[in-house]
Amino acid sequence: MFGFSDLTHPGFSVRSELECSQDKIEFASRVVLEHIGVVVEEVEENYLDEMLRKFAGIFPGTKDFSAYSRSTIKGLDLKDNADSIIMAFVEREEILFRTLERHLIGDRLQKGFADDVDGFLAFSLSVQNRRKSRAGFSLENHLEVIFNAQGIQHTRTAVTENKEKPDFVFPDIKSYHDPVFDASKLTMLGAKSTCKDRWRQVLQEADRIPNKHLLTLEPGISENQTNQMIRSHLQLVVPAAIHKTYRPTQTSWLLNLTDFIELVKKNQ
């Protein structure tokens, strides 16, 4: 299907389950597979009972679940490599959320919907909406923890012109609204787990900052899209592990999270 040829070891075998840590599918690979309709159900059943007790058998608030997910990862120094840390946090929360979701949704599906088509459609829509909103907010939650650990002054979701709310303003929203404050020392960062065409929303979120930044986890955005971003003075920030999904002509332009943090530190 993918056009591979001249394989040293042609053919394949099928296994019913993953057998070791080397079989783990990376975040970017999982996103690409889901784009082509291959859903990878990676779960962590060892934490299920603990999550059911802690959250009383319901979905917790996003901030609480993000904090719990981080607590299950031991030995990380938040002042260390920001790119590896953000990916560790995001991947762990994604796996734990799918584990809890699979259990709670499974219970509801077993009860069935009989002839209640509207009820089924409403339930399905709520599942999709929960996934989308959680992914965006969880990324912001983890970034905020990393910024705090790195001693970076910032304001999250503060109001700028026309009631816009950029995800992060550096050094803070008070400085942003101070006309005397040097605008060249201001930085803004949007955070979107996936971009698609929504990156243009960031362009309207802080008029005093002509050069915007957007962090995303989306792999392999097309050159056409990134060229449009460049023309719109939007700098894309992508964790280092996802850079390999972009073309060489794009990676020379991309920033990783560590690069962005160094940029903000210099301004502060």
One residue from F97, F89 being farther than 23 Å from A240 by Cβ and at pLDDT 85 or above: F97
So in segment 59-81, with the set limited to residues that are among the hydrophobic types (A, V, I, L, M, F, W, C) and assigned to a loop (DSSP other than H, G, I, E, B), which one is most open to solvent (accessible area, probe 1.4 Å)? L76
Identify, by number, the condition in (1) among the hydrophobic types (A, V, I, L, M, F, W, C); (2) in contact (Cβ under 8 Å) with a residue 40 or more places away in the chain; (3) open to solvent by 30 Å² or more (accessible area, probe 1.4 Å) that I86 doesn't meet. (3)
Can we say L214 is under 22 Å from the mean Cα position of the chain (by Cα), free of Cβ contacts under 8 Å to residues at least 40 places away in the same chain and closer than 24 Å to S133 by Cα? yes
Is at least one residue of segment 133-140 touching a residue at least 60 places away in the same chain (Cβ under 8 Å), open to solvent by 60 Å² or more (accessible area, probe 1.4 Å) and in a helix (DSSP H, G or I)? yes
Out of L121, L96, report the one residue that is assigned to a helix (DSSP H, G or I) and in contact with a helix residue (DSSP H, G or I) (Cβ under 7 Å, 6 or more places away or on another chain). L96
For R102, state whether it is open to solvent by 30 Å² or more (accessible area, probe 1.4 Å), among the basic types (K, R) and in contact with a His (Cβ under 9 Å, 6 or more places away or on another chain). no
Of the residues T226, T216, only one is open to solvent by less than 10 Å² (accessible area, probe 1.4 Å) and more than 20 Å from G136 (Cα to Cα); which? T226
Cross-chain or 6+ apart pairs with Cβ under 9 Å, segment 55-68 first and under 11 Å from R134 (Cα atoms) and in contact (Cβ under 8 Å) with a residue 24 or more places away in the chain, then of a type in the set (G, A, S) and loosely packed, with under 13 Cβ neighbours inside 10 Å: T62/S133
Hey, can you tell me all the residues within segment 99-118 that are in contact with a helix residue (DSSP H, G or I) (Cβ under 7 Å, 6 or more places away or on another chain) and in contact (Cβ under 8 Å) with a residue 40 or more places away in the chain? T99, L100, H103
Sort out which residues of segment 145-176 are open to solvent by 40 Å² or more (accessible area, probe 1.4 Å) and of a type in the set (D, E, K, R), and write them in order of number. R156, E161, K163, E164, K165, K174
Mind listing whichever residues of segment 110-127 are open to solvent by less than 90 Å² (accessible area, probe 1.4 Å) and more than 27 Å from the chain's Cα centre (by Cα)? G112, F113, D116, G119
Looking at segment 224-237, I want the residues that are within 21 Å of S193 (Cβ to Cβ) and have a partner that is charged (D, E, K, R) and open to solvent by 40 Å² or more (accessible area, probe 1.4 Å) with Cβ atoms under 8 Å, at least 6 apart or on another chain. Which pairs are those? S232/R200; V237/D259
For segment 177-207, give me the residue count where each residue is of a type in the set (D, E, K, R), within 23 Å of K266 (Cα to Cα) and open to solvent by 60 Å² or more (accessible area, probe 1.4 Å). 4
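The values are calculated or read from the model by the stated rules, or taken from the named source; none is laboratory data. Since we're looking at a predicted model, the values are computed, not measured. Positions of Cβ are generated from backbone atoms using ideal geometry, with glycine treated the same way; all protein chains shown enter the neighbour counts. Keep in mind that these areas ignore ligands, DNA and RNA; they rest on the heavy atoms of the full protein, side chains included. Shrake-Rupley method; radii C 1.70, N 1.55, O 1.52, S 1.80 Å.
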